[in-house]
Amino acid sequence: MNTMLVLPWLESLLSTSFFTVCRTHGDAARNECNMYCLDCEGDAFCFYCRSSRHKDHQVIQIRRSSYHDVVRVAEIQKVLDISGVQTYVINSARVLFLKERPQPKYGKGVAHICVICGRSLLDPFRFCSLGCKLVGVKRNGEASFTIEAKNEALMERREGISRGEEELREGSQQQQDIYPPTPPPPPSRARRRKGIPHRAPFGS
């Protein structure tokens, strides 16, 4: 597997336990460990630890939905290519799940499923979570998590479109060279209407 397809902190993030009580600030109001530092790649920490130890670091906040860890798309998409992962709107914010969630066997009417765990999806995505996308990347390398790889793919796609448009223009020009345009018809000359002849007056 190409290690560039997976950012080094991602596996550490997915293996981290969140929402435990901070050992340093256990008596404080916001003592739950729901922060993760992308620079340190260590354990989860609380709001007060961020202010004191990770002030200038890249930090993302983990949230909970039905006892499952989620992260806001607005935060994670700045550092990770999340294409192919199903997103949800929870409390007016678009989020995605960190890990696979167990689900009973889906019925026959399900149109979209996760290609890794088989969980039913709302939209035509490939993965239900970041964890399942990680498995997919490791398995066949068809996807990537790096923003650079995503940008390169977009550039290649745009270059391909540009080349196609250029070939289309060249083909159109060649067709014009083979079949030159028909010259416009000469301007029509309107016939001048003859005047009505006048007879000479009779002599008296």
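The values are calculated or read from the model by the stated rules, or taken from the named source; none is laboratory data. Note that the structure is predicted; figures quoted are calculated from it, not measured. Backbone-built Cβ (ideal geometry, glycine too); neighbour counts: all protein chains shown. The area values use the complete protein model at the heavy-atom level, side chains included, leaving out ligands, DNA and RNA. Shrake-Rupley method; radii C 1.70, N 1.55, O 1.52, S 1.80 Å.
A few comments on the model shown:
- Distance between the 7 Å Cα→Cβ label points at Ile113 and Ser83: 2.6 nm.
- Near Leu14, once Lys and Arg are set to +1 and Asp and Glu to -1 for all other residues with Cβ below 14 Å from its Cβ, the sum equals -1.
- Solvent-accessible ranking of Leu122, Leu130, largest area first, probe 1.4 Å: Leu122, Leu130
- For the pair Asp27 and Lys138, label points projected 7 Å from Cα toward Cβ lie 4.3 nm apart.
- In Å², nearest 10: area of Arg72 left accessible to a 1.4 Å probe: 90
- Legend: residues Ser15, Ser144, sorted from most to least accessible area (1.4 Å probe; ligands, DNA and RNA excluded), read Ser15, Ser144.
- Within region 12-128, percent of DSSP bridges classed antiparallel, to nearest 5: 95
- Surrounding net charge for Val85, when Lys and Arg each add one and Asp and Glu each subtract one, Cβ distance under 10 Å: +1
- Region 16-81 versus region 111-135: alpha-carbon centroid distance in Å: 25
- Accessible area of Asp39 in the full protein assembly, 1.4 Å probe (Å², nearest 10): 80
- Amide hydrogen proximity for Ile113: with H placed 1.01 Å from N in the peptide plane, the residues at 5 or more positions away or on another chain lying under 5 Å are Leu121.
- Residues whose amide H lies under 5 Å from that of Ser65, counting only those 5 or more places away or on a different chain, are Val70; hydrogens are built 1.01 Å from N in the peptide plane.
- Using a probe of 1.4 Å on the protein chains alone, the accessible area found for Ser12 is around 30 Å².
- Environment charge of Ala44, counting only residues whose C-beta is closer than 12 Å and scoring Lys/Arg +1, Asp/Glu -1: -2
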